[in-house]
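**Q** I'd like to ask you about the structure that follows.
Just so it is clear, none of the values below were taken in a lab; they were calculated from the coordinates. Just so we're clear, the structure is a prediction, and the values are computed from it rather than from any experiment. So basically every Cβ, Gly included, is an ideal-geometry build from the backbone, and we count neighbours across all protein chains shown.
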Amino acid sequence: MYIFIFVYLIYIFYKSRTSLYMLQQNLYNENNRYLRWIARSLTRCFNPVDFLPFLLAIFLFLSKESFIMETIYLSITLIYVIGIYDEYKKNLINQNKIKFNVTSRVKRLYLTEFLIIGLILTSLILTNFSGISLTLLALLIAFLYHFIYLVNIINKPVEKLVYLYYFNKAKKKLYSMNRLKVIGITGSYGKTSSKNILSHLLASKYITRPTPKNLNTPYGLMITINNYLDKFDEILVAEMGAYVEGEIKNMCDFVKPKYGILTIIGDAHLETFKSKDNICSSKFELIESLPEDGACVLNLDDEYQVNYVKNELKSKVKIIWIGIDKKEADFYATNIKSDKYGMNFDIYHDKEKYHIETKLLGVHNVYNILASIALGNELKVPIKDMITKAKSIMPVEHRLEIKKVLNITMIDDAYNSNPVGAKNALEVLKMMDGIKVVVTPGMIELGVSEKKLNYEFGRNIAKIADYVILIGETRCEEIKRGILDSKFKNENIKVLNRVVDAYQVLEDLKKKHQDSEVYALFENDLPDIYSEGVNKK
């Protein structure tokens, strides 16, 4: 029977890795993300085989015969051995797109989990392997994702203390740097690209420290300040993301930005914000937090920003307007031209004309460069110096990044797709001279508008693509309907459940069109929490 304990511990440790990974990917249940994921992923959370030990444990209440008791424990042990093998096979087949990061927080969760399991195992031994303790152990396996949720709740007071420690440490360090200027960047889309462009252009005059990668939460800001911010840094560029109202204000209260850039107001995270007006007011928390002697860059082409400033803005901070359509903006772009190598365009400011060349693609990056030059000019960085620096800006990984993969040209726009970004990406694909393929699982977290927006996405795809590879049969139903309603050939649509399998389809297309270049736009790559499984052969 002690062999049972050994096998049980291996199985629950192995299986807990998956549930903790999903908890981590859902931001430790922030705004009930983990619970919502469980609700829509019941087939992934519950394995019917894991309920067999629970049923077998009930027989221990009915019989005290040692032979029956030993038979039940042996049977359950064999079931868990099979479970270990099954988990091993799943991990071989389903390679995680985002690595499971065994942080200190994950280790604390593991510790709490196994302290609880240890107490139950102790009870099992002290009660001579009774049915009650065995039933509890079986239930923990069967409802492991819910058990991890409970463990996360138990650990909340500890995590709060850890948070306060690192928060106060970061606050003390930040406030000791009197010369440091803080710039906040937020918006529905383009925050990371805007942050990287701004940091690159400002580097012609200042020592600039941007938040790494997409660390745009309060935890991300604390990590940046505690681990990356140097005493010689002159500017901190803080990317600020949010899922609900109030989050950006809290970050502003923490880092106290003097300058800000608002990229664009869109439908991202509509599921949690509930309305576009809520999204707008949330993003403007950055602008409302700026001091009067600061400055912000807003988009005159974005009607939500214009209306908010006209009707609701309370701050008296200086506003610098940028635009493409609206020529009355303080900085506006025109004569935009692009090819697969990049873009060039003209910028007008104070009746002066400047010509920009960049390796970046997409109209949204024209706005990002405009915003960066506008704020850089406010910070006394010579415009001509920024124009020179613009030539060396490299695309952000997975954001309209063109690269050669096997025998095809990939347009990698896999990070966090949205209606505006998807439209821009399709425009980039349109200008390519060759066979055009779209690989996508669609867009997520768009609330009640999700189906409608994915349907429109499908119709837009049909206007440009020669072939379409959809990732996720269930998730892509509306996209496929939009494509087919546009009289697109059904035989040119392939539906898969894993993006990795798209490469073989693309190889086959290349063989079919040997005399043409194949351009594949990878528009969005959903994290593992949205996976629909392995393709059926």
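**Q** Restricting to Cα atoms and excluding each atom paired with itself, what does the Kirkwood estimate give for the stretch 31-91 in Å?
**A** 13.7
**Q** Given Cβ point charges of +1 (Lys, Arg) and -1 (Asp, Glu) and nothing else, what value in debye, to the nearest 20, does the dipole of the chain about its Cα centre take?
**A** 840
**Q** Now a separate question. Counting DSSP beta bridges with both partners in the stretch 401-530, what percentage is antiparallel, nearest 5?
**A** 20
**Q** Okay, moving on. Find how much the distance from T43 to Y503 grows on full extension, using 0.36 nm per residue of separation minus their present alpha carbon separation; answer in nm with one decimal.
**A** 162.9 nm
**Q** Let me ask another. Toward the positive end of the charge dipole of the stretch 272-426, about the Cα centre and with charges on Cβ (Lys, Arg +1; Asp, Glu -1), which of P382, L361, N278 goes farthest?
**A** Positive-most Cα among the choices belongs to L361.
**Q** What net charge is computed for the residues neighbouring N492, neighbours being all others with C-beta under 12 Å from the C-beta of N492, Lys and Arg scored +1, Asp and Glu -1?
**A** +4
**Q** Still on this model: Please report how far the C-alpha centroid of the stretch 219-294 lies from that of the stretch 6-43, rounded to the nearest whole angstrom.
**A** 29
**Q** For the stretch 190-311, would you read off the P(r) tail past 18 Å as a percentage of all alpha carbon pairs?
**A** Of all Cα-Cα pairs in the stretch 190-311, 53 percent lie more than 18 Å apart.
**Q** Measure up K171/K359; K480/K510; K256/K283 against 26 Å on the Cα-Cα distance and list the ones that go over.
**A** K171/K359
**Q** Output the DSSP H helices from the chain with an along-axis C-alpha extent of no less than 18 Å and a mean Kyte-Doolittle hydropathy no less than -0.5.
**A** Correct list, ordered by number: 2-25, 66-93, 104-126, 276-289, 363-378.
**Q** Oh, and also: Quick one: order M394, M251, M1, M432 by neighbouring beta-carbon count within 10 Å, fewest to most.
**A** M394, M1, M432, M251
**Q** Defining a contact as two alpha carbons under 8 Å apart and six or more residues distant in sequence, what relative contact order in percent does the chain show?
**A** 11
**Q** What whole-number distance in Å separates the alpha-carbon centres of the stretch 436-493 and the stretch 379-397?
**A** 36
**Q** What is the Å³ per residue value for the convex hull set by the Cα atoms of the stretch 160-390?
**A** Hull volume normalised by residue count: 124 Å³.
**Q** Project the alpha carbons of the stretch 401-530 onto their principal axes and report the range along each, largest first, in whole Å.
**A** On the principal axes, the stretch 401-530 reaches 44, 31, 25 Å in Cα extent.
**Q** When only alpha-carbon atoms count, how far does the chain stretch along each of its three principal axes, as whole angstroms with the largest first?
**A** Sorted largest first, the three principal extents are 95, 63, 39 Å.
**Q** Counting other beta carbons within 10 Å of each residue's own, what order do K169, K107 fall into, fewest first?
**A** By the 10 Å Cβ count, ascending, the order reads K107, K169.
**Q** If you don't mind, another one. Among the DSSP beta bridges whose two residues both lie in the chain, what percent are antiparallel, rounded to the nearest 5?
**A** So the antiparallel bridges in the chain amount to around 30 percent.
**Q** Sorted from largest down, what three extents in whole angstroms do the Cα atoms of the stretch 2-154 have along their principal axes?
**A** 49, 32, 25
**Q** To make sure I understand the rule: partners must be lysines, Cα under 24 Å from the Cα of K107, and not fewer than 8 residues away in the same chain. Which ones qualify?
**A** Output for K107: K15, K90, K97, K99, K156, K160, K169, K213.
**Q** Given A414, Y467, V500, which one lies farthest toward the positive end of the charge dipole of the stretch 401-530, if we put +1 on the Cβ of every Lys and Arg and -1 on the Cβ of every Asp and Glu?
**A** Towards the positive end, the residue furthest out is Y467.
**Q** Next up: Quick check on the exposure proxy: order R475, R498 from fewest to most C-beta atoms within 10 angstrom.
**A** R498, R475
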